[in-house]
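Heads up, the thing below is written out as structure tokens.
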Amino acid sequence: MKWKDNKTRCNWANPENEKYIKYHDEKWGVPVYDDQKLFEMLVLESFQAGLSWECILNKTESFRKAFDNFNLSKVYAYDEAKVEELMKDSSIVRNRSKIKSAITNAKIFMDIQEEYGSFYNYLWRWTDNKIVYEKGLTKSELSDRISNDLKKRGMKFVGSTIIYSYLQAVGVIYSHETGCFLEHK
């Protein structure tokens, strides 16, 4: 694929979408240490289920506004009136099950923070604080285990494929493709 800046990138990145290029180059695969950002990415990845990441990426600012900048305590406190408000917001993906799961998952996320000191500590304990380098997968034994644990705790929209994508997005798994200028050598 030919890129305007002559850099070679992963095949999934759309060369016509500047947001996507910036996301690929500056965010995807970079470890995230901030729990609020980890929650934001978990919600966005769950909304992505059945859709393209590009669709969600293009709506990220609208999601931030609609979901109170992914403030955990605010999202956890959402009531049915807020769910209805979100269902009327055409700037986001309007899926009642995904909206309700974000609320449920906020509470469980906070429970995990309490148990481990932070969601970051919980997430990285699965790899002994080491980045996993692998390519060409959509799920793995690691994403299976984390997915199963989150489901057991009551989270929704956290299947192994969603969790694998999440782990890639927040830098636990580093997966830049062969030939990409960001490929791990």
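The values are calculated or read from the model by the stated rules, or taken from the named source; none is laboratory data. Here the structure is a predicted model, which means the values were calculated and not measured. Note that we place each Cβ from the backbone using ideal geometry, even for glycine, and neighbour counts take in every protein chain shown. With ligands, DNA and RNA removed, areas are computed over all heavy atoms of the protein, side chains included. Shrake-Rupley method; radii C 1.70, N 1.55, O 1.52, S 1.80 Å.
Tell me, which residue of region 30-57 that is out of contact with any Leu (no Cβ under 8 Å at 6 or more places or on another chain) and of a type in the set (F, W, Y) is least open to solvent (accessible area, probe 1.4 Å)? The residue in question is F47. None of G159, G154, G171 is of a type in the set (G, A, S) and closer than 21 Å to V30 by Cα except G171.
In region 9-29, the residue that is nearest to K130 (Cα to Cα) out of those that are open to solvent by 70 Å² or more (accessible area, probe 1.4 Å) and in a loop (DSSP other than H, G, I, E, B) is K27.
The set of residues in region 37-66 being over 17 Å from G159 (Cα atoms) and either outside any helix (DSSP H, G or I) or touching a His at 6+ places or on another chain (Cβ under 9 Å) (or both) consists of K59 alone.
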